[in-house]
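See below for the structure under consideration.
The values are calculated or read from the model by the stated rules, or taken from the named source; none is laboratory data. Source: prediction; values computed, not measured. Here the Cβ positions follow ideal geometry from the backbone for every residue, glycine too, while neighbour counts run over all protein chains shown. In case anyone asks, the SASA skips ligands and DNA or RNA and just uses the protein heavy atoms, side chains included. Shrake-Rupley method; radii C 1.70, N 1.55, O 1.52, S 1.80 Å.
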Amino acid sequence: MSRSSRRAFLGTLGAAAAALPEFGFPTIRFGADLAAAAPAAGQAPASYDLLIRGGRVVDPSQKLSGERDVAIANGKIAAVAANIPAARAREVFDARGKLVTPGLINVHAHLYRYGNTITVDPEPVGFPAGVTTAIDAGSAGASTFLGFRKFVIDTSPLRIYAMLNISTIGNYGNELYLNMSLINSAAAIRVINEHRDRILAIKVRINGLHDELAHDVEVLKKAREAADATGLPIMMHWSNEPDVLALLKRGDILTHPFTPPSPRMPNMFGGKPGPVLSQILELKDRGIYTDAQAGTSHHLWENSEKAFSEGWYPDLITTDIGAQTPQTPAGQLLPWVMTQFLHLGFTLDQVIERVTVLPTRVFKFPEKLGTLEPGVAADVTVIDLQQGNFEVPDQQGNKRTVKQRFVPVATVHGGTVTKVDPKVHEVAQAGLRT
């Protein structure tokens, strides 16, 4: 996309979002724009605040896939069952013909808005994308995390957790190669212990090149020290180097397998034609997770298609959404990434699993998420699985035509409904075709 068309896209996106200047999208609270369901004469008073009625509930945490109603009371899931009487709810949301899932979780984003140059505003990439929980992947380090928490995490309606960058300054260009004094495990341990309720992992953004191996091993040892002391996993930017991979332990995460080959960026094939490297195949047996993107960041269709054809699949579906990409961030919204993994061969349930319950097995969230079990916070995403012909590009602009796409129509966060303006996703589709 050219710079001028990018500006036009963002301008159109802003116009579509003008209904609510603060968040960018219209929020509907109970009692507005939902079908009221007052009890008939002689019936008991309503026992639920909201009933999401008639959708196909897909909740891999409960191995549930079928038509159900979801009842919400006091900000919690109250019941998931067939044919819950509408009269039992104060408000009813009609989800017939739609998918109803646990609130989507994006575990790789960059959300320190105004804090550094690669980040985005969390609001447009949260509820309007069906996302109720996000993890920032190392935008802040020990010296900058307090500002991130005070000005973004604690003020955003989106539930935001974080990985702490092992560099004290956070994600600033090539932060791990500026000065080794910035790689401070003691500072990382201190900040993690002070913010246990929000920091879930340690981010290490090495280049992964052979000629920098000694440096990368030293950095990863520092991160390993902090991870072992705090019991948190490491998420590491991709490397194929056996000496680096040997420092990863069960529960750690390796990210960006489908990156296009280049002299400065290895991928799971070693940057050259051939099968998946043996040291990458061994990761699953070692209990090390992989985090993959299939949008306009860190993705080449040729690579993802080859991996799937060889039977290699990632554990997590994420976006790595950030401001500094050649294409518009629309190509990194979580529903677009999910769309492409559906095209690659995952089943519907496998896609939903990787953005709901699987993240909760990888990261130790302090609250129960990724499920519609009664009693948990009422985070729900209502999605239209649209049929048609939709073009989606990779990082280099290579396109595939997919037959289905995920378009969120409503997001419930702690019981509050945000209705998504479908024009936003139409604009995103148009921007991707440009």
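A few remarks follow.
- Evaluation of Glu367 against (1) of a type outside the set (Val, Ile, Thr); (2) part of a loop (DSSP other than H, G, I, E, B); (3) under 20 Å from His108 (Cα atoms); (4) in contact with a helix residue (DSSP H, G or I) (Cβ under 8 Å, 6 or more places away or on another chain) (one fails), failing number: (4)
- If you filter the stretch 227-279 down to residues that are of a type in the set (Ser, Thr, Tyr) and open to solvent by less than 40 Å² (accessible area, probe 1.4 Å), you find that the one that is nearest to Ile189 (Cα to Cα) is Thr230.
- Residues (among the small types (Gly, Ala, Ser), open to solvent by 40 Å² or more (accessible area, probe 1.4 Å) and under 24 Å from Asn106 (Cβ atoms)) located in the stretch 149-200: Gly173
- One residue from Ser143, Ser139 being hydroxyl-bearing (Ser, Thr, Tyr) and in a strand (DSSP E or B): Ser139
- Residues in the stretch 380-416 that are part of a loop (DSSP other than H, G, I, E, B) and open to solvent by 10 Å² or more (accessible area, probe 1.4 Å): Gln395, Gln396, Gly397, Asn398, Gly414.
- In this entry, Lys203 passes the filter for residues that are of a type in the set (Lys, Arg), surrounded by 23 or more Cβ atoms within 10 Å (Cβ to Cβ) and closer than 25 Å to Lys368 by Cα.
- Complete set of residues in the stretch 280-293 that are free of Cβ contacts under 8 Å to residues at least 60 places away in the same chain and open to solvent by 10 Å² or more (accessible area, probe 1.4 Å): Leu281, Glu282, Lys284, Asp285, Arg286, Gly287
- Residue pairs meeting the criteria (Cβ under 6 Å; at least 6 apart or on separate chains; first surrounded by 23 or more Cβ atoms within 10 Å (Cβ to Cβ), in the stretch 334-354; second among the hydroxyl-bearing types (Ser, Thr, Tyr)): Leu334/Thr319; Val337/Thr319; Ile352/Thr101
- Scanning the stretch 156-178 turns up at least one residue that is in contact (Cβ under 8 Å) with a residue 24 or more places away in the chain, more than 13 Å from the chain's Cα centre (by Cα) and farther than 29 Å from His215 by Cα.
- Every pair of residues 6+ apart whose Cβ atoms lie under 6 Å, when the first sits in the stretch 232-246 and is touching a residue at least 12 places away in the same chain (Cβ under 8 Å) while the second is crowded, with 22+ Cβ neighbours inside 10 Å and among the polar types (S, T, N, Q): Met235/Thr255
- Conditions (1) among the β-branched types (Val, Ile, Thr); (2) under 14 Å from the mean Cα position of the chain (by Cα); (3) modelled with pLDDT of 95 or more: number failed by Ile321: (3)
- Condition met for Glu373 (in a strand (DSSP E or B), surrounded by fewer than 22 Cβ atoms within 10 Å (Cβ to Cβ) and touching a residue at least 24 places away in the same chain (Cβ under 8 Å)): no
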